[in-house]
Amino acid sequence: MLLPYLNPDVTEAGLDEAGRGCLAGAVYAAAVILPKDYRNEMLNDSKQLSEKKRYLLREQIERDALAWAVGVVTPQEIDEINILNASFLAMHRALDQLAVRPEALLVDGNRFKPYRDLPHTTVVKGDGKYMSIAAASILAKTYRDDYMLRLHEEYPVYRWDSNKGYPAKAHREAIRRHGVTPYHRMSYNLLGDGQMELFAPDETKGR
């Protein structure tokens, strides 16, 4: 069972992101405030859950949370400010949308850019330790997966329905054969070999 909170005396929001290591697509982040007495034995790090359980938990989290929100940063923004800053920005955008103002933040990982005047605590592998971070990881992951499925319909040759934009062998081979899309992160080593002889694959759209 994950820990329900770090500090019982303040309203905490858990934060996590999805898609940092992807070659294509936006990075997503979620912020979740759970009730202090919240219990859910299924709740865990999204990477430890089946797809079916993630979507089931998403429904439960959205129903039970005091507040939740998802923030998005585009591939173009990632290329401009780098993925670390983009992850922080996605988290900030999620916080901007919360209907309840938190008094403290629990952030997955070991780095964070402060948000307004709120105190924050970074927690390495926090999505496997605190319920609010685990809940945020599930929302970020499932909403990003939905987004990548929509992009797959536009550019099916990259198989984003299965790899979700991560550097799978089939994804990199498709980049090598067909070039890049407007959704690829041009600041990344897309081919994995240091070569950036890439082109825009307008002819792949809709195939």
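The values are calculated or read from the model by the stated rules, or taken from the named source; none is laboratory data. This is a predicted model, so every value here is computed, not measured. Positions of Cβ are generated from backbone atoms using ideal geometry, with glycine treated the same way; all protein chains shown enter the neighbour counts. SASA here: full protein model, heavy atoms, side chains in, ligands and nucleic acids out. Shrake-Rupley method; radii C 1.70, N 1.55, O 1.52, S 1.80 Å.
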Distance violations [Cα-Cα > 29 Å] among 36/141; 52/113; 141/169; 129/169; 125/169 | 52/113; 129/169
May I ask you to derive the FRET efficiency for residue 52 and residue 20 from their Cβ-Cβ distance with R0 = 25 Å, giving the value to the nearest 0.05?
-> 0.55
If one takes the longest principal axis of the Cα atoms in the chain, at what angle in degrees, from 0 to 90 and to the nearest 10, does the Cα axis of helix 131-154 lie?
-> 20
Residues of the chain: accessible area per residue at 1.4 Å, in Å²?
-> 49
Rounded to the nearest 500, what is the chain's calculated 222 nm mean residue ellipticity when only DSSP H runs of at least 4 contribute -39500 (n - 2.57) each, over all residues?
-> -11000 deg cm²/dmol
Given (1) 19.4, 71; (2) 17.6, 54; (3) 17.7, 57 as possible values of Rg and Dmax of the Cα atoms in Å, the one from the coordinates is (3)
The chain: most fluctuating residue of 76, 97, 48 per GNM, C-alpha cutoff 10 Å = 48
How big is the convex hull of the Cα atoms of the stretch 47-98, per residue, in Å³?
-> 98
Where does each of 139, 84 land when they are ordered by accessible area, with a 1.4 Å probe and the largest first?
-> 84, 139
Which of the trypsin sites (Lys or Arg not before Pro) found in the stretch 1-74 are in a DSSP loop and have at most 13 neighbouring Cβ atoms, other than their own, within 10 Å?
-> 36, 39
Taking just the C-alpha trace of the stretch 1-120, give me its Rg and Dmax in Å.
-> 14.4, 41
Determine the relative contact order of the stretch 14-168: mean sequence separation of Cα pairs under 8 Å and six or more apart, normalised by residue count, in whole percent.
-> 36
Could you work out which residue, out of 87, 50, 162, moves most in a Gaussian network model of the chain, that is, has the largest mean-square fluctuation with Cα springs under 10 Å?
-> 50
